[in-house]
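**Student:** There's a structure below that I have some questions on.
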Amino acid sequence: KPCPLCDEAKEVLEPYKRRFILQEVDITLPENSDWNDKYKYDIPVFHLNGKFLMKHRVDIKKFEDQLMKLELQK
């Protein structure tokens, strides 16, 4: 904290929150040390359905494409 890029990402993703569940992970907590080791210099990091999607800023086209693919699989 603070994390301006995290705040920006949450704003960009806000219109989509009815289509997916946003789970925030605080990588500074001891129980998240694996995430911290992996991503401490690359936050925010985005996974979709358990798979790495992007980091630093939301690529909205990539996000929309992947979200739509998941929705079509249902």
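**Student:** In degrees from 0 to 90, rounded to the nearest 10, what is the angle of the helix 60-73 Cα long axis to the longest principal axis of the chain?
**Tutor:** Roughly 60 degrees, rounded to the nearest 10.
**Student:** List every residue whose amide H lies under 5 Å from the amide H of residue 53, counting only residues 5 or more places away in sequence or on a different chain, with H placed 1.01 Å from N in the peptide plane.
**Tutor:** Long-range HN contacts for residue 53: 46, 47, 48.
**Student:** At 1.4 Å probe radius, can you tell me the per residue accessible area of the chain in Å²?
**Tutor:** Values: 6170 Å² over 74 residues.
Averaged over the residues of the chain, the accessible area is 83 Å².
**Student:** Mind scanning 17/61; 40/61; 1/40; 17/62; 17/40; 10/55 and naming the pairs with a C-alpha gap bigger than 18 Å?
**Tutor:** Where the Cα-Cα span goes over 18 Å, the pairs concerned are 40/61; 17/40.
**Student:** Excluding ligands and nucleic acids, what accessible area in Å² is computed for residue 25 using a 1.4 Å probe, to the nearest 10?
**Tutor:** 70 Å²
**Student:** How far apart, in nm, are two points set 7 Å out from the Cα along the Cα-to-Cβ line at residue 55 and at residue 35?
**Tutor:** Each label point is offset 7 Å from its Cα along the Cβ direction, giving 1.4 nm.
**Student:** Computing the accessible area with a 1.4 Å probe over protein heavy atoms, can you report the carbon and sulfur percentage for the chain?
**Tutor:** Values: 3200 of 6170 Å².
Using a 1.4 Å probe with all protein chains present, the chain comes out at 52 percent carbon and sulfur.
**Student:** Over segment 4-73, consider all pairs of different Cα atoms and compute the Kirkwood hydrodynamic radius from their mean reciprocal separation; express it in Å, one decimal. Walk me through the intermediate numbers first.
**Tutor:** On the way: mean 1/r = 0.0774 Å⁻¹.
Over segment 4-73, the inverse of the mean reciprocal pair distance is 12.9 Å.
**Student:** Specify the angular offset, from 0 to 90 degrees and rounded to the nearest 10, of the alpha carbon long axis of helix 4-13 from the longest principal axis of the alpha carbons in the chain.
**Tutor:** 20 degrees
The values are calculated or read from the model by the stated rules, or taken from the named source; none is laboratory data. In this text, all values refer to a predicted model and were calculated from it rather than measured experimentally. A quick note on method: Cβ atoms are made from the backbone with ideal geometry, for glycine too, and the neighbour counts reach across all protein chains shown. Remember, those area values only see protein heavy atoms, side chains included, never the ligands or the DNA or RNA. Shrake-Rupley method; radii C 1.70, N 1.55, O 1.52, S 1.80 Å.
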